[in-house]
Amino acid sequence: MLKYGYSNFSLEILEYCPASELFIREKYYFKLLNPEYNIALEPGSSMLGRRHSEETRANLLALNLGIRQKKCVCSAKIQVTDLETNKKTDYYSMSEAAKALDVHRKIISQYISKKQQTPYKGRYIFSVIS
């Protein structure tokens, strides 16, 4: 509907039925009308009774853990190398380093997560201390 516009579609009630028969009747009309734009292969909610495979669940867990690990970097110790003074300063957190440099913490976080090689403002290199 978004792709072709709402005005190119219509809504019609084909039949009234009890909620308990809804999926049976929907399946009947799927077979009868063979809707062109319906993405679902079967009637009903796409999430109703759906179970992810073990592989998908493992992938989602790994993705979720990866996001959590990225977030944990924010509390990691940070070393800032100032190329102008050739001085290295250690900070207990990104927030502490950001405050000292008068920049937003997200700048340092993005610099590290994107593994930037170019010095920030042509001057600072950020790295995580193990």
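Read-outs throughout are calculated quantities, based only on the coordinates presented, and are distinct from any laboratory measurement. Bear in mind the structure is a predicted one, so any value in this text is a computation, not a measurement. Here the Cβ is made from the backbone with ideal geometry for all residues, glycine too, and neighbour counts use every protein chain on show.
Taking 31 Å as the limit for the C-alpha separation, the pairs 3/27; 88/114; 3/121; 3/115 exceed it in the case of 3/121; 3/115. The ranking of 57, 105 from fewest to most other beta carbons within 10 Å of each one's beta carbon is 57, 105. All C-alpha pair distances within region 74-129, sorted into 10 Å bins from zero, spread as 27, 65, 9 percent across the bins.
Extension gain, residue 85 to residue 53: 0.36 nm times the residue separation minus the Cα-Cα distance gives 6.0 nm.
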